[in-house]
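Below is one structure; the comments refer to it alone.
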Amino acid sequence: MAVQRKEPERLAQRRKRLGRLCVVVLVSGFGVGWLAGSGCASGRKEPNLNLVAQAWSEISKNYVDRSAVDSTELTYGAIGGMVDALGDTGHSSFLTPEMVKELGKMERGEFKGVGIEIQSRNGQVVVVSPMDGSPAEKAGVHPGDVILRVGGRDVADWPLNRVVQEIAGRPGTKVTLTLLEPRTGRERQLTLVRASIKLHEVTWARVPGTDIAHLRLATFDAGVTRDLRRALGEIRDAGLGAIILDLRNNPGGLLDEAISVASQFLEFGDVLLTRDTRGKVEAVGVEKGGMATSMPLVLLVNEGSASAAEIVAGALQDGHRARLVGQTTFGTGTVLEEFRLSDGSALLLAVQEWLTPSGRSFWHKGIVPDLPLPLSGDEEALFPAAVKSMTPRQLEQSTDRQLRKAIQVVTEDRRQPGENPVVQTSDPLPARQAVRVR
């Protein structure tokens, strides 16, 4: 496979791309439009707009429920239907003006709602991941849970945006979800109180009884690399000698942050490859000045690790920089370019696919860890906020087998004492336009 080189700075010359994984249930949420039709017939180069106008005319004149004949809703439904007809379920999507605003708030870290990311998959509404510290996480929502009912109503035949609208709402109000755990077949009902959510992107803690840092990245939104570099400096100053990088339940975010984060741990090589609609493949190289390019490293992933998290996981795995422990990742690997429409709504269309540096596609497949180790429904992942207050014995008795395995693996991989693998650098990070992947 011929691969052309593409320096990261060249991405700044491209249009802004958005690719937040799935649907974040915030205030009004954002998601794909409801299916109003299959669009133009197969093989037709241009849509039959006269046919669309005829359908609108018949609906507006004859449909019995007059209150439902709303021109804006029907227009959005038609656009959403065209996007749905592409078959790129859960990826390419249509955003109303309100959804576009919510997406902007997400990029600034302003979250309100229950804090879960959901996607339509195989005809089911599936939880990708709960956000750290969100009502969903505190209530016990897990990656992979299937949402069966919202407020007691079956959502099996609902389009995704209706599910979003039903779950979303004002802070302080409640919503009840009925969830199915696929591995066990167990149903459970949870009542969540919507809230304003302050997301802590980067957190870390010393693993009790060790000199290992448990370093957690919650998303790849703007500023994550800056916060990561600050954390790596603190880890260096604390004299710690190894890192467990925890990307579990990380739904992804900005491409430039993914490139910069991976580059903190890689000295050379590529972070990812891009493949466009013509099959042209280009390589995006590692940035110089990484702060932890030789410190022993293990990476934790699960089915809630997606998008930009998968880019980082693939780069570190292909670069033989870290072994991956946990579960196969979610399987999103496209860049979504935003095309604004005249009324402030937007189309998010998949225009490129991301590959790992060795050319592996993870779209709809996920990245398989080197050491597969699932957690059961009764086992909980531990993040730094909890680890910080634990004793070595409490950690040993915890249900987080993945974290315990990562500690074992990184201990086995330790370098000889006396090395100082963390290199401090003040090199500025190159400026790039915000590009979201998914």
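The values are calculated or read from the model by the stated rules, or taken from the named source; none is laboratory data. All values reported here derive from a predicted model rather than from experimental measurement. Heads up, the Cβs are rebuilt from the backbone with ideal geometry, glycines too, and the neighbour counts pull from every protein chain shown. Ligands, DNA and RNA are stripped out before the accessible areas are found, and what is left, the full protein with its side chains, is counted by its heavy atoms. Shrake-Rupley method; radii C 1.70, N 1.55, O 1.52, S 1.80 Å.
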*asked:* Just the residues that are open to solvent by 40 Å² or more (accessible area, probe 1.4 Å) and over 12 Å from R248 (Cα atoms), please, taken from the range 361-378.
replied: W363, H364, K365, V368, D370, L371, P372, S376, D378
*Conditions (1) at pLDDT below 95; (2) more than 25 Å from V127 (Cα to Cα); (3) open to solvent by 10 Å² or more (accessible area, probe 1.4 Å); number of the one not met by T274*: (3)
*Listed residues A292, A309, A283; which is open to solvent by less than 10 Å² (accessible area, probe 1.4 Å), in contact (Cβ under 8 Å) with a residue 60 or more places away in the chain, assigned to a helix (DSSP H, G or I) and not aromatic (F, W, Y)?*
A309
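Would you be able to say whether some residue in the range 382-394 is charged (D, E, K, R) and under 27 Å from G140 (Cβ atoms)? Break it down stepwise before answering.
First pass over the range 382-394, keeping only residues charged (D, E, K, R): 388, 393.
This time we only want the ones that are under 27 Å from G140 (Cβ atoms), so: 388, 393.
Within the range 382-394, one or more residues are charged (D, E, K, R) and under 27 Å from G140 (Cβ atoms).
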*open to solvent by 10 Å² or more (accessible area, probe 1.4 Å), over 25 Å from V312 (Cα atoms), in contact (Cβ under 8 Å) with a residue 60 or more places away in the chain and hydroxyl-bearing (S, T, Y) - does that describe any residue in the range 394-414?*
no
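Collect the residues in the range 312-331 that are among the small types (G, A, S) and outside any loop (DSSP other than H, G, I, E, B), keeping them in residue-number order.
If we filter the range 312-331 for residues that are among the small types (G, A, S), which is where we start, we get 313-315, 319, 322, 326, 331.
Matches in the range 312-331: A313, G314, A315, G326.
Output yes when any residue across the range 351-359 is open to solvent by less than 10 Å² (accessible area, probe 1.4 Å), assigned to a loop (DSSP other than H, G, I, E, B) and in contact (Cβ under 8 Å) with a residue 12 or more places away in the chain, and no when none is. Give the derivation first.
Filtering the range 351-359 down to residues open to solvent by less than 10 Å² (accessible area, probe 1.4 Å) leaves 354-356.
Checking which are assigned to a loop (DSSP other than H, G, I, E, B) leaves us with 356.
So of that shortlist, the ones also in contact (Cβ under 8 Å) with a residue 12 or more places away in the chain come out as 356.
Yes, that holds for at least one residue.
Go through the range 45-68 and give me each residue that's part of a helix (DSSP H, G or I) and either within 19 Å of L86 (Cβ to Cβ) or open to solvent by 100 Å² or more (accessible area, probe 1.4 Å) (or both).
Quick first cut of the range 45-68, residues part of a helix (DSSP H, G or I) only: 49-62, 66-68.
The answer is L49, N50, L51, V52, Q54, W56, K61, N62, R66, S67.
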*Considering only the range 284-296, how many residues are closer than 16 Å to A242 by Cβ and out of contact with any helix residue (DSSP H, G or I) (no Cβ under 7 Å at 6 or more places or on another chain)?*
3
